[in-house]
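The values are calculated or read from the model by the stated rules, or taken from the named source; none is laboratory data. Quantities reported herein were computed from a predicted structural model and do not represent experimental measurements. Cβ atoms come from the backbone with ideal geometry, glycine included; neighbour counts cover every protein chain shown.
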Amino acid sequence: MPDITTIALHTALNGLQARQRAIADNIANINTPHYLANKVSFEDSLAQAVDSGSAAGAAGAGILTRKSLEPTREDGNNVNLDEETLSNVNTGLSYQTVLSAMNSKYSLLKTAIG
């Protein structure tokens, strides 16, 4: 069974991937009347699961997708392109960082086995 670090990194990658999909959907629907932006959160539940020290808890950390409660424009849409662009950049950087950590972990295991 994988350790808590591996599970937490995998869960983080899944959460960041879900956020990237939500951002893409939001941008694609920027001109759709009454479309409410999706927001993905997982960091708090993942942090709590890791703090508990349970691999099962980290695996079960929830990835929540919710509709944004930000004010809407006249057409009922609340997608903000500037916010989505910034979130996309931050999410991409976070994804690269977590992926690097995962690669380092597997490299260390490969060295230990060899």
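One table, with the values for the structure above:
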| read-out | value |
| --- | --- |
| Residue identified as within 20 Å of P2 (Cβ to Cβ) and not in a helix (DSSP H, G or I) among A61, A101, A47, A112 | A61 |
| Condition check for S52: modelled with pLDDT under 95, closer than 29 Å to I7 by Cα and of a type outside the set (F, W, Y) | yes |
| Near pairs, Cβ below 6 angstrom, 6+ apart or cross-chain, from region 93-112 (under 16 Å from T11 (Cα atoms)) to any residue that is assigned to a helix (DSSP H, G or I) | S94/L16; Y95/L16; V98/L9; V98/A12; V98/L13; A101/L9; M102/L9 |
| Qualifying residue in region 21-36 (condition: among the acidic types (D, E), over 18 Å from the mean Cα position of the chain (by Cα) and either modelled with pLDDT of 95 or more or in a helix (DSSP H, G or I) (or both)) | no |
| Among the candidates S104, S94, S87, S100, residue that is modelled with pLDDT of 95 or more and surrounded by fewer than 13 Cβ atoms within 10 Å (Cβ to Cβ) | S100 |
